[in-house]
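Right, one structure below, let's go through it.
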Amino acid sequence: MGQLLGPDFPTDIALAVSGGGDSMAMLTLAHNWAHAWGVRLWVVTVDHGLRAESAAEAAMVAEECALLGHPHAILRWHWDGQGNLMDAARRARLSLIDRWRGGLEHVLMAHTQDDVAETFLMRLKRGSGVEGLSAMLATLTVQPHAGDMHDMAPVDVCWTAQPPMPTQHGGGVSANSNGFRLLRPCLDMTRAELRHYLRTLKGRWVDDPTNEDPTYDRARIRKLLDLLGAEGLGCDTLSDTAHRMSRARQALHARARDVAGRIVTEERLNGLATGALLIDRDGFAETEEDTRLRILAESLRWVASAEYRPRAQALEQLAERLLSGGQGTLHGCDLRCLGNQIRVGREFSAVSAPAGMGQFWEGRWQLYGTSAKGASLRALGPDGLKQAGGRPEGAPAARLLYPLPAAFMGEVLVACPHLDYGERMIREGSGRHSSFTASFERH
């Protein structure tokens, strides 16, 4: 905790506690640490509602927090049945915590050495390289996707006290619109060690039956670890390897960031960033393959405002096509060679749904001003380009202009700043976006 938070500790931190052995042990450890250092703990439990027992488990955490003297909140989530359940649950957990935390900037989660080893094997099974096989970080900034926030139903909250609101100065709590710091203080501890600690203190916890359900990959990998441990491939060995991969990842990423700073620029039209990137073809071709793939992956992630990188095989195939002068689509992006540059732009068919006032479109643009009242923000498209008078001289090909941000009143185009059309009612906001260089530095 001292290494992750010190030397100047915040006055308040949050803990995400599910009721399982790992998180209940972390709660007890953090309780003792916080008591010694005068830090207030705020505990939160996300009830995903996927099992009949989940409500009772959340209530058990609330009872333990009451005994320890810490405020506790229960955030209830209702799955809409769309997409991958595990990924949807993870996204919802982070988004709900972000909406609940108020001015709390640090959130503890109880991932262990076992989690590192299990994740390593799961990614090895998928054929991951250095990036995927690297250990999860002990501390990182979490920025829930804008869509996760806007599309989610109102939060059903049960709490004993509300977290402190953001302040601008002092007190250890400050405004933080760019996400929160996720801390994992138990990464060097095994699941068995934490449960032994709880048994010694006669602590309570619940075992999630899905951890033994062979329907889930992680449950099968967990059983496999028992067999591998007998052959000398236990959690400690796999975790150590994952941490060595992390060191390699940092060095490779630093190299890619340096090269990207020299060969990648943001495309601009009418003086405004379009959200597309231009990569120098010669510089791209002269760069070693691993660095090329890292630059390409980060370019795709940035342009699409995506959380994840594309899969390695698809990325490698796309890079080969680009090196031979071809084109392709991947990760919601359109890539093509234009003279001595590779353009990475948004794929028109993959752009976000329209956004209204107060919302970010594509994680980047937003409407502003009284004249934008009643307007919707969406892609320009062929009809919008026609209303704007067609492709301006010197602009990219018409189809590359379709993903540009444009304001519409119904079906009538009222503004497209990149084409100098209409009033200035669209601007770049912070959203999840910063410059490509700054974004690359954070990943």
Taking Cα atoms only, Rg over Rh for region 270-310 with Rh from the Kirkwood formula is 1.04
For Cα Rg over 2.2 N^0.38 Å the list reads (i) 1.08; (ii) 1.56; (iii) 1.18; the calculated value is entry (i)
Helix 235-263: inclination vs the chain longest Cα principal axis, degrees, rounded to 10, gives 20 degrees
Largest-first ranking of 33, 79 by accessible area, probe 1.4 Å, whole protein assembly kept, is 79, 33
In terms of the alpha carbon gyration tensor, root eigenvalues a ≥ b ≥ c, rounded if a/c is under 1.5 and otherwise prolate when a/b exceeds b/c or oblate, region 187-250 is oblate
For the chain, whose charge dipole is built from +1 on Lys and Arg Cβ atoms and -1 on Asp and Glu Cβ atoms, the candidate among 352, 68, 341 with its Cα farthest towards the positive end is 341
With every protein chain in place, the accessible area of residue 42 for a 1.4 Å probe, in Å² rounded to the nearest 10, comes to 30 Å²
The relative contact order of region 1-119, taking Cα pairs under 8 Å that sit 6 or more residues apart, comes to a percentage of 32 percent
For 287, 215, the accessible-area ranking with a 1.4 Å probe, largest leading, is 215, 287
In degrees rounded to 10, the 0-90 angle between helix 289-303 Cα long axis and the longest Cα principal axis of the chain is 80 degrees
As straight-line cross-link partners of residue 386, the qualifying lysines (C-alpha separation under 28 Å, not fewer than 8 residues apart within one chain) are 373
The size of the Cβ-based charge dipole (Lys, Arg +1; Asp, Glu -1) of the chain about the Cα centre, to the nearest 20 debye, is 500 debye
Scoring only Lys, Arg, Asp and Glu (+1, +1, -1, -1) among other residues with Cβ under 15 Å from the Cβ of residue 389 yields -1
Partner lysines whose C-alpha sits under 19 Å from that of residue 223, ignoring same-chain residues fewer than 8 away, are 125
Simple SL model, points at 7 angstrom along Cα→Cβ for residue 160 and residue 227; separation in nm is 4.5 nm
Placing each pseudo-label 7 Å from Cα in the direction of the beta carbon, residue 141 and residue 78 end up separated by a distance in nanometres of 3.5 nm
For the pair residue 285 and residue 217, the simple spin-label estimate (label points 7 Å beyond Cα toward Cβ) gives in nm 3.7 nm
The helix 85-100 Cα axis meets the longest alpha-carbon principal axis of the chain at an angle in degrees, between 0 and 90 and rounded to 10, of 90 degrees
Projecting the Cα atoms of 35, 166, 196 onto the charge dipole of the chain, where Lys and Arg contribute +1 and Asp and Glu -1 at Cβ, the residue farthest towards the positive end is 166
Measure of exposure for residue 126: accessible area at 1.4 Å probe, Å² rounded to 10, is 130 Å²
Gyration tensor on Cα atoms of region 331-443, a ≥ b ≥ c root eigenvalues, a/c under 1.5 rounded, else prolate if a/b beats b/c, else oblate, says oblate
Chymotrypsin sites (Phe, Trp or Tyr not before Pro) in region 271-311 lying in a DSSP loop, each with at most 12 other Cβ atoms within 10 Å of its Cβ, come to 308
Charge dipole of region 191-317 built from unit charges on the beta carbon (Lys, Arg +1; Asp, Glu -1), centred at mean Cα; most positive-end Cα among 269, 238, 300 is 238
Correct response: the longest run of the chain lacking exposed GluC sites (Glu not before Pro), defined by DSSP loop and at most 16 other Cβ within 10 Å, is 54-230
Taking a probe of 1.4 Å and leaving out DNA, RNA and ligands, the chain shows per residue an accessible area in Å² of 48 Å²
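The values are calculated or read from the model by the stated rules, or taken from the named source; none is laboratory data. If you're wondering where the values come from, they're calculated on a predicted model, not measured in any experiment. Glycine gets a Cβ as well: all are built from the backbone with ideal geometry, and neighbour counts include every protein chain shown. Note: areas computed on protein heavy atoms with side chains; ligands, DNA, RNA excluded. Shrake-Rupley method; radii C 1.70, N 1.55, O 1.52, S 1.80 Å.
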